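The structure appears below as structure tokens.
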Amino acid sequence: MKPFTYERPADVASALTLVAKIPGARFLAGGTNLVDLMKLQIEQPTHLVDVSRLPLAEIEDTPEGGLRLGAMTTNSQVAADARVRARYPALAQAILSGASGQLRNKATTAGNLLQRTRCPYFYDTTKPCNKRAPGAGCAAIGGIHTNTAIFGASEACIATHPSDMAVALTALDARVETKSGSGEARVLALESFHRLPGDTPHIETELQPAEMITAVVLPPPPAGRQIYRKARERASYAFAIGSVAVAGDRVALGAVAHKPWRAEAAELALEQGASPAEAMAAELEAARPDGHNDFKLKLMARLGAACLTTTGAGDGQ
Amino acid sequence: MSSVKDWAAPTPISENRSGLIGKGVDRYEGRLKVTGTAPFAYEVEAPSPPAYGVLIASPIAKGRVTLADISEARVAPGVRLVWTPHNVPAQGERGAKINPRSQRGSNPALAERVEHFGQHVGFVVADTLENAKAAATLVRFEYAAEPADLIFEDRFGAAEQPEGEEDVRIGDFEGAFAGSPVRLDETYVSPLQNHAQMEPCATTAWWEGDHVTVHTSIQMVKGGQHTLAETLMIPSTQVRLVTRYIGGGFGGKGQAYDDLTLAALAARELGQPVKVAYTRQQMFQATIHRPAVHMRVRLGAQPDGRLDAFALEVVTHCRREAPFTEHAANFARSLYAAPNRLTGHRLVKLDIPAAGPMRAPGEASGMLSLECAMDELAEQLGLDPIELRLRNEPETDPETGKPFSTRQLVRCMTEGAQRFGWDRRNPTPGQVRDGRWLVGLGMAAAIRGNFLLPAKAGVRIDADGTITLRQGMTDIGTGTYTILAQITAETLGVPLAQVKVELGDSDFPPAPGSGGQFGAATAGSAAFAAGMNLRKALAELATGDPNSPLYGDDPELVTFGGGNIAVDNRAEPLDRLVARAAPDGVYVEGSITPAADARDYSQHTYGAHFAEVGVDPDTGEVRLRRMFGVFAAGRILNAKTAMSQITGGMIWGVGTALHEYNEVDPRYGSFIAQDLAGYHVPAHADIADLSAMFLDEVDDKANPMGIKGVGELGIAGAGAAIANAVYNACGARIREYPLKPEKVLAALP
């Protein structure tokens, strides 16, 4: 761990100013990912601006009939909220399928969106990685790890985004509210918040330097069923090898791309009367497996079709 | 030398007058552990403020260090020393005293020659851990890399017979197999696995004059002491090694690692205590692992199921410089009858970290082959898998013809079948559903050898009546403290609260440590012997003391119970006797050695596993629904700790079937999984309803107490029961472990 300094400002404006002013400064929320990465010196902030106790931890009803999740709401808090459970069950399911109880108690809504990939070559600092050192190359390409992207990968990066929560939020058409150092506020659609790797895989979101997530806003719940299902290598405390969120007419897939993957081709096919299996086949036409992750085609075809077919009741994991 | 016949006589243990033997006594050190007040090696308080050491690992798999520039690191804040291959102090050769089965290469630590990815090439000590870590990144290395052999499967052609071993052939396997009307020939693969202990390797070291004290996390206290003495080139008498608690060993801490060597060297150099711990990543890359194993099973049977021919041929791997064989075929030599038999091992040498023993070495991976092959053969024959095993139950050891000391395998299977509801199994796969889940049942047998090694123990009674057992034994979380307290209390007829147990110190009478499920029998038998010697000493003390009510009695007639020493109705409390007649206390030692005729018996522990799993046809995910095991492992000393060991073993077996694996990157020689987020062992949610029972048993050929080991038996065969249940659930027969979703999904229609 590189030496760093730490401070805890009293309000959002001070936090924004500090991060804008100090080179190498970073926001610290739950720290469940950032601190681990600092120990491995993958992240090397010079200064941590602790935003975890800023007044951004409320869950509020919006006038439109949705919910605003403050950036510092914890994963446990959101998953347990009666309004979330009643109106956004896919979100509660997704959060509870991730991490462990201890981690969910610390991890925040904003931090969850900003967690970094779990690609083992990203974590092993003896290996080239374009995320850690742009231009260094990608050890995952040509490696033997199988939990890699089948959509939207590039020659620079085949990593996936590890979040469960963000997949459900994508299906729920959530918005991300931000503020930057100048005080300017922005709203981004979650589905365009994360980026595909292209030749800049180290730039993972559309956030600008010193821009902070202040809330995630859920629109009114869509008509129709919601479900989140996740496949993984053990029953708990494992990242997805594939996941599916369905919320009304919207479908999102997890662990298949550098970002939560909105399955627009599947949605379109369904709209045109395709069966669930046909819709997933339409979506997977664009998939480009690399020989190691081919299993994800069959997995996503089946899991997607099952989620689009099931009522979501009575056969939990 | 003693004979096993000596062990049949009644003892305080077999009489069990206080009922302490077998009782589910709480862990002796349980309160300390759950309150976080049991100091582990890294947490031990040194006599003066310590410095902190950090290890630097090689990013290449093979070659040598050509440059190590310490100029920046040396002047970084708080840095006390920086060592590389070019300036690390001289270290002695590891010679005769080293455990011959040690998987560590020769000295020195921080060798210039790199033999595997993750080998340590640098070491930084600073005033704080943070400063040491920061400075470690400033040491600049250059390497001359050389081509390395990294991939097991690519090197099958170079597989060698392990040195000093021969295949075991009985009858004419090839001829009999060729003539068998029903044949099976399948290969099963168990992957490379890591120990994944919670506590990393760690040492706190300090010197007083020319004597060094090290608190470290090692399963074998004496082995560690001698190894360190050789490394430091000082007599063993100048090394005190202490291991009070171990946060998981599993065979991975049977030997000394670089934390021990370098903490001791640096503490000497600096004249200050030094603490060194491995990182989680270093635990994967710079200790040992269970190697991958390819197991070809051939079974030739008559239509009635009787085996004519049996072969299990194993190919495994080790580090080039550290020969070790995963003896995955050995268990099968005593399991099923078959007149024509072939078992043997081949070894591939690779440039990856060393292979070594991991909990139930041999059985843990080996039984994943034969116990599935028996399931497959049973289906071919149209027999129930239990019935097939019953038809091949041997009367004597199928290879040596020796009598079994005890063998209750059949009862384990039949009792387990009844309690589990085996009769509800539909032999046709894929027929049972629960919601979307496909549900299946599977079973497997379990066998694991039982051992007794030489050991000593010391026991003293003080004037206040406190009895203290001391032994250079370790408790790796298995319950050793607790059972030694029970044995001592029962032997001397005192309440448990009157007994203290002190372990893990090289100054104490030596015991071989924890491993191979020999710990309880070995350490316990020595403790029992010491207790018997103390009885004798106290009997002589009392009967020779004119102030004792026992004065003049025959020492042979003295009895112990309720904290008293007595003859007939004349009695006095032990503390009164000792306070009066031996106010400085009485100390005696006892020892155990294997009986001269112990090898005249085929001696094992046995069990049977039953599992019910669900398979998700959408994802290929397998979930354990319930599991039950029946075991026969001699007299059970502690119902609670033994059950914890046996069910913990079963859970480990679930992991071998479904979760655990690591892989070597073919380009770098590094493991893909280097932390516990990437290396999966079962989580609570994976286990559901899992339980076990022990059959009543006393093995009077095993040791004076008739007990056997339980630490590894639970693993043996457990994973095969899961794999067989997966087949029964969905018809997917996967012979390459673990049965992770992508493999199950690929095998599903």
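Got a sec? Which of A:Glu60, A:Glu64 is assigned to a loop (DSSP other than H, G, I, E, B), of a type in the set (Asp, Glu) and away from every other protein chain (no Cβ under 12 Å)? Lay out the reasoning, then the answer.
Working: A:Glu60 fails: assigned to a loop (DSSP other than H, G, I, E, B).
Exactly one residue qualifies, and that residue is A:Glu64.
Every residue in the stretch B:175-206 that is surrounded by fewer than 21 Cβ atoms within 10 Å (Cβ to Cβ) and assigned to a strand (DSSP E or B), please.
B:Val182, B:Arg183, B:Leu184, B:Asp185, B:Glu186, B:Thr187, B:Val189
Identify the residue in the stretch B:715-749 that is small (Gly, Ala, Ser) and within 14 Å of another protein chain (Cβ to nearest Cβ) and, among all such residues, is surrounded by the most Cβ atoms within 10 Å (Cβ to Cβ).
In the first step, residues of the stretch B:715-749 are kept if they are small (Gly, Ala, Ser); the result is B:716-721, B:723, B:725, B:729, B:731-732, B:746-747.
Subsequent filtering for residues that are within 14 Å of another protein chain (Cβ to nearest Cβ) retains B:732, B:746-747.
Numbers: B:Ala732: 23, B:Ala746: 14, B:Ala747: 17.
The selected residue is B:Ala732.
Would you point out the residue of the stretch B:648-702, among those that are over 23 Å from the mean Cα position of the chain (by Cα) and away from chain A (no Cβ under 12 Å), that is farthest from B:Asn724 (Cα to Cα)?
Among them, the one singled out is B:Asp700.
Any chance you could count how many residues in the stretch B:209-242 are touching a residue at least 24 places away in the same chain (Cβ under 8 Å), over 21 Å from B:Ala523 (Cβ atoms) and out of contact with any His (no Cβ under 6 Å at 6 or more places or on another chain)?
Kept after step one, since they are touching a residue at least 24 places away in the same chain (Cβ under 8 Å), are these residues of the stretch B:209-242: B:210-234, B:236, B:238-242.
Those left that are additionally over 21 Å from B:Ala523 (Cβ atoms): B:210-214, B:228-234, B:238-239.
Right, trim to out of contact with any His (no Cβ under 6 Å at 6 or more places or on another chain) and you get B:210-214, B:228-234, B:239.
Final tally of qualifying residues: 13.
Somewhere in the stretch A:92-104, is a residue aliphatic (A, V, I, L, M), over 29 Å from B:Gly678 (Cβ atoms) and at pLDDT 95 or above? Steps first, please.
So the first thing to find is which residues in the stretch A:92-104 are aliphatic (A, V, I, L, M), and the list is A:92, A:94-96, A:99, A:103.
Now drop any that are not over 29 Å from B:Gly678 (Cβ atoms), which leaves none.
Within the stretch A:92-104, not a single residue is aliphatic (A, V, I, L, M), over 29 Å from B:Gly678 (Cβ atoms) and at pLDDT 95 or above.
Being closer than 21 Å to B:Ala57 by Cα and among the basic types (Lys, Arg), is that true of even one residue in the stretch B:292-307? Don't jump to the end; show me each part of the working.
As a first pass, look at the stretch B:292-307 and keep what is closer than 21 Å to B:Ala57 by Cα: none.
No; the residues of the stretch B:292-307 include none that is closer than 21 Å to B:Ala57 by Cα and among the basic types (Lys, Arg).
Is it the case, given these coordinates, that A:Leu113 is out of contact with any strand residue (DSSP E or B) (no Cβ under 6 Å at 6 or more places or on another chain), aliphatic (A, V, I, L, M) and more than 30 Å from A:Glu155 (Cα to Cα)?
Details: out of contact with any strand residue (DSSP E or B) (no Cβ under 6 Å at 6 or more places or on another chain): yes; aliphatic (A, V, I, L, M): yes; more than 30 Å from A:Glu155 (Cα to Cα): no.
It is false that A:Leu113 is out of contact with any strand residue (DSSP E or B) (no Cβ under 6 Å at 6 or more places or on another chain), aliphatic (A, V, I, L, M) and more than 30 Å from A:Glu155 (Cα to Cα).
Taking the options B:Leu557, B:Leu538, B:Leu534, B:Leu550, name whichever one is free of Cβ contacts under 8 Å to residues at least 24 places away in the same chain and either in contact with a Pro (Cβ under 7 Å, 6 or more places away or on another chain) or open to solvent by less than 50 Å² (accessible area, probe 1.4 Å) (or both). Step through it out loud before you land on a result.
Numbers: B:Leu557 fails: either in contact with a Pro (Cβ under 7 Å, 6 or more places away or on another chain) or open to solvent by less than 50 Å² (accessible area, probe 1.4 Å) (or both); B:Leu538 fails: free of Cβ contacts under 8 Å to residues at least 24 places away in the same chain; B:Leu534 fails: free of Cβ contacts under 8 Å to residues at least 24 places away in the same chain.
Being free of Cβ contacts under 8 Å to residues at least 24 places away in the same chain and either in contact with a Pro (Cβ under 7 Å, 6 or more places away or on another chain) or open to solvent by less than 50 Å² (accessible area, probe 1.4 Å) (or both) holds for just one of B:Leu557, B:Leu538, B:Leu534, B:Leu550, which is B:Leu550.
Within the stretch B:229-240, is there a residue that is open to solvent by less than 20 Å² (accessible area, probe 1.4 Å) and closer than 18 Å to B:Met358 by Cβ?
Here is the first cut: in the stretch B:229-240, the ones open to solvent by less than 20 Å² (accessible area, probe 1.4 Å) are B:229, B:231-232, B:236, B:239.
Then keep just the ones that are closer than 18 Å to B:Met358 by Cβ; that gives none.
So far as the stretch B:229-240 goes, no, none of its residues is open to solvent by less than 20 Å² (accessible area, probe 1.4 Å) and closer than 18 Å to B:Met358 by Cβ.
The conditions are (1) within 14 Å of another protein chain (Cβ to nearest Cβ); (2) under 24 Å from B:Phe324 (Cβ atoms); (3) not small (Gly, Ala, Ser), and B:Pro357 fails exactly one of them. Which is it?
All conditions are met except number (1).
Take the residues in the stretch B:613-647 that are within 15 Å of B:Gly416 (Cβ to Cβ) and in a helix (DSSP H, G or I); name whichever of them is nearest to the chain's Cα centre (by Cα). Reasoning before the result, please.
Step one: filter the stretch B:613-647 for residues within 15 Å of B:Gly416 (Cβ to Cβ), giving B:626-633, B:646-647.
Restricting the remaining residues to those that are in a helix (DSSP H, G or I) gives B:646-647.
Details: B:Ile646: 12, B:Thr647: 15 Å.
Going through the qualifying residues, I end up with B:Ile646.
Being part of a strand (DSSP E or B) and either open to solvent by less than 30 Å² (accessible area, probe 1.4 Å) or of a type in the set (S, T, N, Q) (or both) is the filter here, so list the residues in the stretch B:651-689 that pass it. Can you show your working first?
Our first condition is that a residue be part of a strand (DSSP E or B); within the stretch B:651-689, this holds for B:662, B:664, B:671, B:689.
Listed by number, the residues that qualify are B:Asn662, B:Val664, B:Phe671.
Grab the helices (runs of 4 or more DSSP H) fully contained in the stretch A:90-172, keeping just those with 3 or more residues being closer than 27 Å to B:Lys740 by Cβ and either open to solvent by less than 10 Å² (accessible area, probe 1.4 Å) or within 11 Å of chain B (Cβ to nearest Cβ) (or both). Before you say what the answer is, go through the steps one by one.
Details: elements: A:101-106, A:109-114, A:120-123, A:165-171.
Because the criterion is at least 3 residues that are closer than 27 Å to B:Lys740 by Cβ and either open to solvent by less than 10 Å² (accessible area, probe 1.4 Å) or within 11 Å of chain B (Cβ to nearest Cβ) (or both), the helices (runs of 4 or more DSSP H) in the stretch A:90-172 that meet it are A:120-123, A:165-171.
If I ask for residues that are facing chain B (nearest Cβ under 7 Å) and on the phi > 0 side of the Ramachandran plot, which ones from the stretch A:231-259 would you list?
Correct list: A:Tyr237 only.
Do we have any residue at all in the stretch A:204-211 that's in contact (Cβ under 8 Å) with a residue 12 or more places away in the chain, away from chain B (no Cβ under 14 Å), part of a helix (DSSP H, G or I) and crowded, with 16+ Cβ neighbours inside 10 Å? Explain how you work it out, then say what you get.
Restricting attention to the stretch A:204-211, the residues satisfying the condition of being in contact (Cβ under 8 Å) with a residue 12 or more places away in the chain are A:204-211.
Next cut, away from chain B (no Cβ under 14 Å) only: A:204-211.
Next, only the ones that are part of a helix (DSSP H, G or I) stay: none.
No - not one qualifying residue is present in the stretch A:204-211.
Being surrounded by fewer than 23 Cβ atoms within 10 Å (Cβ to Cβ), outside any loop (DSSP other than H, G, I, E, B) and among the basic types (Lys, Arg): is that true of B:Arg389 here?
Numbers: surrounded by fewer than 23 Cβ atoms within 10 Å (Cβ to Cβ): no; outside any loop (DSSP other than H, G, I, E, B): yes; among the basic types (Lys, Arg): yes.
The answer is no for B:Arg389.
I'd like to know if the stretch B:352-372 contains one or more residues that are open to solvent by less than 10 Å² (accessible area, probe 1.4 Å), farther than 23 Å from B:Asp397 by Cβ and assigned to a strand (DSSP E or B).
Taking every residue of the stretch B:352-372 in turn, at least one turns out to be open to solvent by less than 10 Å² (accessible area, probe 1.4 Å), farther than 23 Å from B:Asp397 by Cβ and assigned to a strand (DSSP E or B).
So which residues in the stretch A:1-32 are open to solvent by 40 Å² or more (accessible area, probe 1.4 Å), away from every other protein chain (no Cβ under 14 Å) and within 23 Å of the chain's Cα centre (by Cα)?
Of everything in the stretch A:1-32, those that are open to solvent by 40 Å² or more (accessible area, probe 1.4 Å), away from every other protein chain (no Cβ under 14 Å) and within 23 Å of the chain's Cα centre (by Cα) turn out to be A:Arg26, A:Phe27.
Output the number of residues of the stretch B:175-189 satisfying the condition of being within 15 Å of B:Glu371 (Cβ to Cβ) and aromatic (Phe, Trp, Tyr).
Number satisfying all stated conditions: 1.
Would you mention how many residues in the stretch A:33-57 are surrounded by fewer than 17 Cβ atoms within 10 Å (Cβ to Cβ), in contact (Cβ under 8 Å) with a residue 24 or more places away in the chain and within 14 Å of chain B (Cβ to nearest Cβ)?
So the answer is 4.
Would you please list the contacts, defined by Cβ atoms under 9 Å and residues six or more apart or on different chains, that run from a residue in the stretch B:583-601 that is assigned to a loop (DSSP other than H, G, I, E, B) and modelled with pLDDT under 95 to a residue that is of a type in the set (Lys, Arg) and open to solvent by 70 Å² or more (accessible area, probe 1.4 Å)?
So the pair list comes out as B:Ala595/B:Lys5; B:Asp597/B:Lys5.
If B:Ala148 meets every condition in (1) under 23 Å from B:Ile672 (Cα atoms); (2) open to solvent by 40 Å² or more (accessible area, probe 1.4 Å) apart from one, which number is that one?
The one condition B:Ala148 does not meet is (2).
For the stretch B:130-145, give me the residue count where each residue is in a helix (DSSP H, G or I) and surrounded by 18 or more Cβ atoms within 10 Å (Cβ to Cβ). Let's see the steps before the verdict.
If we filter the stretch B:130-145 for residues that are in a helix (DSSP H, G or I), which is where we start, we get B:130-136.
Narrowing further to those that are surrounded by 18 or more Cβ atoms within 10 Å (Cβ to Cβ): B:131-136.
Number of matching residues: 6.
The values are calculated or read from the model by the stated rules, or taken from the named source; none is laboratory data. Since we're looking at a predicted model, the values are computed, not measured. With ideal geometry, Cβ positions are generated from the backbone for all residues, glycine too; neighbour counts draw on all protein chains shown. Surface accessibility is based on the protein's heavy atoms, side chains included, excluding ligands, DNA and RNA. Shrake-Rupley method; radii C 1.70, N 1.55, O 1.52, S 1.80 Å.
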